Each structure stands twice: as structure tokens, then as C-alpha cells.
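Reading through the C-alpha cells given below for one structure.
The values are calculated or read from the model by the stated rules, or taken from the named source; none is laboratory data. Remember, it's a predicted structure, so these values are computed and weren't measured experimentally. A quick note on method: Cβ atoms are made from the backbone with ideal geometry, for glycine too, and the neighbour counts reach across all protein chains shown. Accessible surface is based on the protein model in full, side chains and every heavy atom, while ligands, DNA and RNA are left aside. Shrake-Rupley method; radii C 1.70, N 1.55, O 1.52, S 1.80 Å.
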Amino acid sequence: MDALASLHKVCGEEHVRPGAAADAVDGVVPAYVAAPASTDEIRELVLVARDAGLRVGVRGASSKLGWGMPPAGLDLLLELSRQDRVLEHAAGDLVVRVEPGVRLVALREQLAPARQQLALDPPEPGATVGGVIGANASGPSRLLYGTARDLLIGITVVLADGTVARAGGKVVKNVAGYDIGKLYIGAVGTLGLVTEAIFRLHPVPAARRVVTVEVATAADAGRLTQLVTDSQLVPTALELDWPDPAGPGRLTVVVEGIEPGATAQAESAAGLLGGGAEITDTVPAGWGQRPYGGETGPAIGLKVSAEPAALRPVLDALWRVADLHHLATAVRSSAGSGVSYVGLGAAADAGRAGGPAVEIAATVIELRAAVAPYDGSVVVLQAPPEVKRLVDVWGPVPAVELMRRIKDRFDPEHRMSPGRFVGGI
Amino acid sequence: MDRDATILDVMTLPVLAARLRAALPARAVLTDHAQCRTYECDGLAHFTVTPAIVVLVETPEQVQTTVRLCAQSGVPFVARGSGTGLSGGALPVADGVLIVTSRMNSILEVDIPNHRAVVEPGVINLWVTREVAPQGYYFAPDPSSQLVCSIGGNVAENSGGAHCLKYGFTTNHVTGAKVVLPDGELVTLGGKATDHPGYDVLGAFVGSEGTLGIATEVTVRLMRRPEAVQTLLAGFAGTDEAGAAVSEIIAAGIVPAAVEMMDALAIEAAEAAVHCGYPAGAGAVLIVELDGPAAEVAHSFADVERMCSANGAFEIRIAADEDERTLFWKGRKSAFAAVGRISPDYLVQDGVIPRTALSEVLSRIAALSGETGVRVANVFHAGDGNLHPLVLFDGSVPDQDVRAEAVAGAILDICIEYGGSITGEHGVGHEKRKFMGRMYAEPDLDTMQLLRCAFDPDGRCNPGKVFPTPRLCGELPARRKGVHPWQEAGLAEVF
Ligand SMILES: Cc1cc2nc3c(=O)[nH]c(=O)nc-3n(C[C@H](O)[C@H](O)[C@H](O)COP(=O)(O)OP(=O)(O)OC[C@H]3O[C@@H](n4cnc5c(N)ncnc54)[C@H](O)[C@@H]3O)c2cc1C
């Protein structure tokens, strides 16, 4: 029996097909695309792949498929959109168990009647639970609630050899055995497939206030950010939007809670931010969106992480380096958390084309050096292949040899999303 | 312990001791049996093993040297912080080296703008908060042992505390670590920033109970002191009523900083030990603490008070100041030791259940106690379902210890049955290895073992802990056909 026939046997002919150009992952077209409906089917597909030596990739809503390096090879692409069930919502325990293809938007709607939320708000349209785990995607509310690593409490995975393993469970407090789930967060599928996830939930606050202020310089942005984070306010988010260094930036603080609590916090926040601060009930347009991609945004997207107090030097370095290479920048920072997203485009034309690959690669490399003193890292989230050929999208990683040893144990034949991760993993 | 003649011959340990003495300051290496015996156990004192060699390390380089020399001679080693662990995690190996970090006790850096502190592993938990309190900050994980336990131990156990309901555990408050791997290599994991590219190895290291290497430096997150803290203590007729109050508080969307409960027997013990003056005749006492922005706390606190009354609280006290608050907590924080007043011996159990199963599980424990005649006092983190049943016995009466252990074990089986965990904060260590196979299926344990083998292929780093049966890293787990055993047993649906 050939591989295609075996795949058909697992999940039915209608859910397996040869790959087409539209299925390409970063330019690599898979031989087959299969859409399994359960952990069991995934396991069976992985066993077929094992026996036939197929290299396996995975996609949720494709919102972050361009992340990482192009796969070194891709024979079987698993599409998890059929695995979109919320399996259990234990409202009294503030826990939800879901399949990886569940979209965050759908989950939000489903939890809303219980006034609960999974406090993850990455902006990528259609983002799925599996994609968010694989890419460690986060949004503005990470300031208060943390990221996937703070919310994921249990996981089911299928390893390259077909082993189905669980770790953690459905209680928040649990230290039995290794926290295997952490390894799968941000691993872009290189350790196997996540087929079920259990998250802790948070109550949806009754009221929200949004405080915004214009900032003229990176120094102001840094100073005000520090004022807020050093205060006794408990903001849900603290975001900086700076579409063009020639103009001003805008700092937005979101506070939530019961009605009088949110009001009081908003007033204190406005007091801290000084003259010009405005209080409203709604977040500004384009809230939390990435400053790249889409129809009109720049084609190159970076994520810069650094010490939270280094906002000013990070912005200064970015603008200086980009200017040197004639590139325009658009920045959105989760300023309170030290994480900034950057769109890079050609200076003369901020349109889709992006600058010449060499200039972009040089910018990334120089920016890495400039933010290194602040424990900084620069990851290229989105870029055309010609840029990825010039620069390692992940950059240097200190414990990469240890990471390779982990990969070798979990996937000794290197068949799970090979080549996409740090150090060629 | 059996000595494996093919690995260690009689000269191995004396030669290793000589090498260690040559490489380290003389005061750092102990081989005298009486001296080494000081370290024979941790907080779980009924398991004892005297290590062959104890090394009192003072620097990261000394840790590295010691671990390298152990690797060269094929000798196992165990890290130890303050030795307060309650699962035997720091239990030494007889033919091995115990590496004690308590002399590595400097706070290396306090970085207020970044809300971080960089500390050595032997630094005591509470020292961090003391150091940064004047600037208005604190280190959130607050195990009851915080006066004595070390940050290295906290990292290894992923320790929690009363306030982890709202603020999370050690894993949520550690952003970086330097770790000496079992082959002696020093790696840097994370740092002051977050979201470092690569696998979240730091996340997997935290809570690995000393089996993946030795942390020589830890970067922790500092939290800003909340603007307001309000604490109440409520007396109820029984745990059902108190539990119902907790359910209502959580359902209202309130996330208290802490919700702690004690039952009648635990109250009796605390009263005898520290005279905390809890409401007379209470069958259960609830401590609820809210913190955060003042306006938020004031409003929610009134709600909590109302919910306690509505669910039958016959007395509610509100802490007027820090002294009263300390008094409320005194009874709770001394509960483990206090039980010594009402029973010659006791076992501290640590299990977790979904919070909503609290009242069912407590009646199961009461029934178990009734059937066996073994008394159980209950103290727990009611907000997250982390139970600490204290199983009382008299070691001088033959067989009582065995029966107490059976009851403590049966309680864990109940936790597993309800989809919970065999440990919420004390770790698996030496004590609970045999329960791992009940909570997890073989493939789950095999997968954890893959991680272990990536770090420690020779199995020399804290061997014999966490996992029920030691496996060699060469053997690849057998390929399995068919469904996951949990599904086969119908358990997947329960989960
Ligand atoms: C009265 C009492 C109350 C307690 N209350 C709580 C509580 O509320 N919450 C809670 O979570 N725990 C509690 N504990 C348990 C214990 O205090 C914690 O587990 C603590 O974190 C252990 O720290 P330690 O320094 O004593 O570690 P040790 O007991 O010395 O070691 C614990 C484990 O950590 C490993 N280890 C130590 N240092 C390192 C290092 N540098 N690198 C790698 N591994 C290392 C050891 O090998 C061992 O496996 C309590 C204990 C007592 C006695």
C-alpha cells in the first residue's frame, strides 16, 4: 500500500489530498495534506508517516505559518481545523479543555455566557489554540495574565513515533512530573503535535477604562511606561503604538475591574500620564494589531524582546539602525512587558514591497547587537524567502546544544517540522 | 543501597574525595560519616540515607568542578538547598555526593526598574522580599517555610504558597537561571527579558526536582506591593458551608489573593499550639484575603463578607491592622507543626482536586477516617483545591504508622479519581514515585523520561526520584499499538 492509500484509510478520502501550491509552508509544497478529526486519527497518520519516513508539518488557521525558517522538507501537512471542539468547560473550576483547531474567537464566544475568558489575545485573525501554542503568540493582556506558559495547565501530544502522551492535567496546581507542556509552547511543531490543551481561565472583568496619551519621544514613552509599572495600578495592558518615528507615538493603558475600581484606576493612570491623557471606554482602532502584514502593512515583521525598562534604548536603536539602511518602521509594543513588534518597509514607499533583502538582513543583525546589552533578542516573524536566506530568523540562542539534545530524544529522525526552529532544529 | 560493582569499585569514592579536596577549599569537602549524617534527610525525616561525600559549594565554579568530577568518576549526586522539602527530594544517595548550596547565599543584583532580582540558589525565600520591601516590592511565592527554604529549592519544587491562587507559583516568577548540567556544562536559560527564542527549557527545568541539573543563579520577578490588602476570618459550622461560600466568591468573578480553610481538628491543633483565638465552636474556618487597588478591594471585600454570611458564617472578623492580619495567618501558617500538639506523629499529605469536588472529597476522607480509625486534620488552599490532609498516628503503637500511610495513600487515590493530582506543591521526590504510575500512563512517563535523558543520559543527577522505575536512556520506549490506556479504561472522558 502506498502512503496516500494508507492516509486515506486513516481519515477517509475526502480528508486527504495531494498538496497544492496554496498549501505551501514558506515556499515548500507538501506532498499530502490531511485533515484528521481526533487524537486517534492524528496518531494513526503519524504512524503512517513514521513507516513511510514522511516529514510532517502542521497548520491551524495558517495565521502564523510563515513563522520560523522554511521547513527542510515537508511530505505530510496536517490541517487541524476539523479538530475544533471545546471538549469540556468546567466553569466552577475555571478550566477549559479544547482541541487544537478551536479558534480563539469561537472560544471567547463560548466562554462569554459564564463571564470567563482564556486570557490570550494575539491579534492574528482566525488564530487557533494549536497555533497560539506552537508560536507562543500573545497580545496586549499579557501584561496582567502572562502568556501561554502561564495559562496552559495540561496537554496531550503525539510524538514522532506515534506515542500519545499527556502531561499536567485539569487542576491548576500540579507539580507531579515534568512540565512537558512548556516545551511545546513556541516549539513550532518540532517536538510533535499538540492534540489537546487544558487552560486555566479568568473571570471577565465587569468594567474597562482606557487611558491614552500622546508621546513625543522615546524617552517620554520609556519614562511614562516606567511610572505606570512602578505604580500600584494593576493595568491589564500597557501598549505603545508608533506608526512613524517622524510623528508622535501613543501610549494606551487599559484598566479593568468592577465599575468603581476601574474608574478610580483610570483616574490615577491619567494623573500619572499627565496633561493630555484621555479616558474612554473603548480601545483605540487597530488595538493590539501587528504593525506589518495585511493588505497595506509592511511585508517584514520583527519581534524584539528585551528587559522591560529598556523601551527607550530599544526604540532609539531601532530607529537609528533602520534609518541607516533606509527603512521605514512601524512599532507596536507591549511596553510594560518589554516585547515590541516592528514592521519594516522601504523608506520611500511604506507599501508591501519591503526594502531590499540585504538592508533588512543587515538591520536585523545590527539591531540584535544593539539590544544584546538589554538581554534583547530579535526574531524575524514574517519575511520573504530571500531575507530568510540571508539571516537566521531566530538569531543566536545560548542553550541551543541542549535544545538539540531534546529534539533528538523527542524526534530522533527529525521528521517533525524539520529545519523550522532555532539552530536548524 | 546496592553498589553496582561494574560502575563503582571500592576506590572510586575515596579517589573522588581526594580529587574534590585538591580542587576545592578544604572546608568544602566532608567525608566524615558523623558530619555527613547531618544531611541524611530533608523535611521528610523518616527516610534517611547518609551520603558518602558532602560538598558545601560557595561558587558556581565549585558546583561545576564538583559535577564534572562526579561525571568523570560516574558517581551520582544530589543537590540540596535548605533541606525543608517534604517529599524526600533531597534524600542523598549512599554512594554519591550531596551538593549543598546554602553557602551560595548572596543576592547578586536588585534591578527595580526591570522588577527583577538575581540571586544565588542558597538565598532564603524571605530574604528577597526583605531586601526589596523598602522600595515597595516583594517576591510573590510564599511557601509556609519561607523563613528557611531556599530559592534553589523553590525552583526545583515549583513551590507555591497561600497567595499562588492569584499570583501563580515559582514557575510564573522565574525568568532566568544559570544551570550546571549533569555533565558539568553551564547553560544560561532565559534572563531578565521574556520570550527568548528556543524551547522554554527554563519552564521545564522549574519543578524538575533536582533531576535535570543544579541551578547556580536564579533571576526572579519582583512584584509591586498592592495598594490595599484586606483579610477576613470567618467561622462556619462545617466545611460544607465554608466551601459553599468559596464557590460563591469564585462564581462572582472575584479572584482573592488567598482563600485558606481549616477544619475542626486543624483548628483545635492550632489553638493548642499558638492560641490564635479562632471563633469558638467553629467546624471550619475560612481566611479570605483580597489585595489590589484600594477601590477594587473595598467593594469586592464587602461582597465577600456578604457571601460568607449568606452561607452561614456565624462570626466574621476583619483584620483592622497588620497585627490582626498576622494573627489570622498565624494559626494557618503554623498548622503543620501545630498538629504535633494533638498527636505524637503525623504525615503531611499534599494532593489536589478540582475545587468544585471539595465537599464530596472531604466526606470521602471523613468516611475513610471513620472506617480506619485514623484521624485526619484538614488544612487547605481552598481556592485551588490543594488539600493538605494531616494524617495523625502514634508511632509507638505497633502498626499505626502503616495504617496512617495507607490512609495518606488512599487520599491520593481519591485525588486521582477526581481528576486531580498527587502533589500540588511538595513534589513527587522519593515518597510519591509509586503514585506516578497511577496518575500517568506509561507513555506519559516515557515522554518525561525523554526530557530526562536529554539532560542526564547516565541517570546520575538525583537518581531514584520522581519516576517509579529507573530506566536506561539507551532503551527507546517500546512502540505501542492501539489506543491510549486512559481511553481504553474510559478515563479519557472523565479527564
Ligand atoms: C513547615 C513546612 C512548610 C512548608 N510549606 C510549603 C508551602 O506552603 N508550599 C510549598 O510549596 N512548599 C512548602 N514546604 C516544602 C519546602 O519548603 C519547599 O519544597 C521548598 O521549596 C524546599 O526548599 P529547600 O531549599 O528546603 O530545598 P531542599 O529540601 O533542600 O531540596 C528540595 C529539592 O530541590 C532540589 N534542589 C535544591 N537546590 C537546588 C538547586 N540549586 N538546583 C537544582 N535543584 C535543587 C533538591 O535536589 C531537592 O530535590 C514546606 C516545608 C515545611 C517543612
Given a Förster distance of 35 angstrom, what is the FRET efficiency for residue B:12 paired with residue B:434, based on the Cβ-Cβ distance and rounded to 0.05? 0.70
Tell me which cysteines of the protein assembly as shown come out unpaired when the rule is another cysteine's Cβ under 4.7 Å. A:11, B:36, B:41, B:70, B:149, B:164, B:276, B:308, B:415, B:461
Per residue, how much accessible area does the range B:344-426 have with a 1.4 Å probe, in Å²? 33 Å²
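Please pull out the direction-averaged projected area of chain A, using the convex hull of its alpha-carbon atoms, in nm² to one decimal place. Working shown, then result.
Numbers: hull surface 80.6 nm².
Its average projected convex-hull area is 20.2 nm².
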Inter-chain shielding of B:350-360 (mean C-beta neighbours from other protein chains, 10 Å cut-off): 4
Let me know the charge dipole size of the range B:107-224 about its Cα centre in debye, to the nearest 20, where only the beta-carbon of Lys, Arg (+1) and Asp, Glu (-1) is charged. 440 debye
Given a 1.4 angstrom probe, what's the average accessible area per residue across the range A:209-292, in square angstrom? 38 Å²
Place a +1 charge on the Cβ of each Lys and Arg in the protein assembly as shown and a -1 charge on the Cβ of each Asp and Glu, then give the dipole magnitude about the Cα centre in debye, rounded to the nearest 20. 1300 debye
Label zone at residue A:347 (point 7 Å along Cα-to-Cβ), backbone N below 13 Å, the range A:288-319: A:319
Given the DSSP H assignment, sum -39500 (n - 2.57) over each helix run of at least 4 residues in chain A and divide by its residue total; what's the result at 222 nm in deg cm²/dmol, nearest 500? -8500 deg cm²/dmol
Buried accessible area between B and A, both sides, 1.4 Å probe, in Å² rounded to 100, is 7200 Å²
Quick one: order A:337, B:396, B:144 from most to least accessible surface, probe 1.4 Å. B:396, B:144, A:337
Quick check: at a probe of 1.4 Å, how many percent of the accessible area of chain A sits on carbon and sulfur atoms? 53 percent
Once residue B:37 and residue B:471 are pulled to full extension, the length gained, defined as 0.36 nm per residue separation minus their Cα-Cα distance, is 153.3 nm
Residue B:225 accessible area, 1.4 Å probe, all protein chains in place, Å² to nearest 10: 90 Å²
About the Cα centre of chain A, what is the dipole size in debye to 20, counting +1 per Lys and Arg Cβ and -1 per Asp and Glu Cβ, all else neutral? 660 debye
Pairwise label distance in nanometres, residue B:310 with residue A:86, each label 7 Å out on the Cα-Cβ vector: 2.4 nm
For the charge dipole of the range B:344-426, defined by +1 on Lys and Arg C-beta atoms and -1 on Asp and Glu C-beta atoms about the Cα centroid, which residue among B:348, B:389, B:407 has the Cα displaced farthest towards the positive pole? B:389
Would you mind checking the tilt of helix B:358-372 against the longest principal axis of the Cα atoms of chain B, expressed as 0 to 90 degrees and rounded to 10? 70 degrees
With the crude spin-label approximation of a point 7 Å out along Cα→Cβ, what separation in nm comes out for residue B:371 versus residue A:281? 5.7 nm
Percent carbon-and-sulfur accessible area, chain B, ignoring ligands, DNA and RNA, probe 1.4 Å: 53 percent
Whole angstrom only: what separates the Cα centroid of the range A:196-261 from the Cα centroid of the range B:80-144? 32 Å
Taking Cα atoms only, Rg over Rh for chain B with Rh from the Kirkwood formula is 0.98
Here is the link list: B:178/B:465; A:407/B:465; A:170/B:178. Which ones come out longer than 28 Å on Cα distance? A:170/B:178
For residue B:27 and residue B:397, calculate 0.36 nm times their separation in residues minus their Cα-Cα distance, and state this gained length in nm to one decimal. 128.9 nm
Quick one: of the DSSP bridges fully inside chain A, what percent are antiparallel, nearest 5? 90 percent
Relative to the longest principal Cα axis of chain B, at what angle does helix B:60-73 sit, 0 to 90 degrees, rounded to 10? 60 degrees
Just give the residues from the range A:258-293 buried by at least 50 square angstrom of accessible area in the all-chains context relative to the isolated chain, probe 1.4 Å, and say none if nothing qualifies. A:258
Under the helix-only model (-39500 (n - 2.57) for each DSSP H run of 4 or more, divided by the residues of chain B), the mean residue ellipticity at 222 nm, to 500 deg cm²/dmol, is -10000 deg cm²/dmol
Out of all DSSP beta bridges with both ends in the range A:3-81, state the antiparallel percent to the nearest 5. 35 percent
Accessible-area loss of at least 20 Å² in the complex relative to the chain alone (1.4 Å probe) applies, within the range B:284-318, to B:293, B:295, B:296, B:299
Restricting the count to DSSP beta bridges whose residues both fall in the range A:1-136, what percent are antiparallel, rounded to a multiple of 5? 55 percent
Simple SL model, points at 7 angstrom along Cα→Cβ for residue B:237 and residue B:45; separation in nm is 4.1 nm
Between beta-carbons, use under 14 Å as the cut-off and find the net charge around residue A:284, counting Lys and Arg +1, Asp and Glu -1. -1
Given a cut-off of 23 Å, what percent of all Cα-Cα pairs of the range B:227-342 lie beyond it? 24 percent
Give me the angle, in degrees from 0 to 90, between the Cα long axis of helix B:239-251 and the longest principal axis of the Cα atoms of chain B, rounded to the nearest 10. 80 degrees
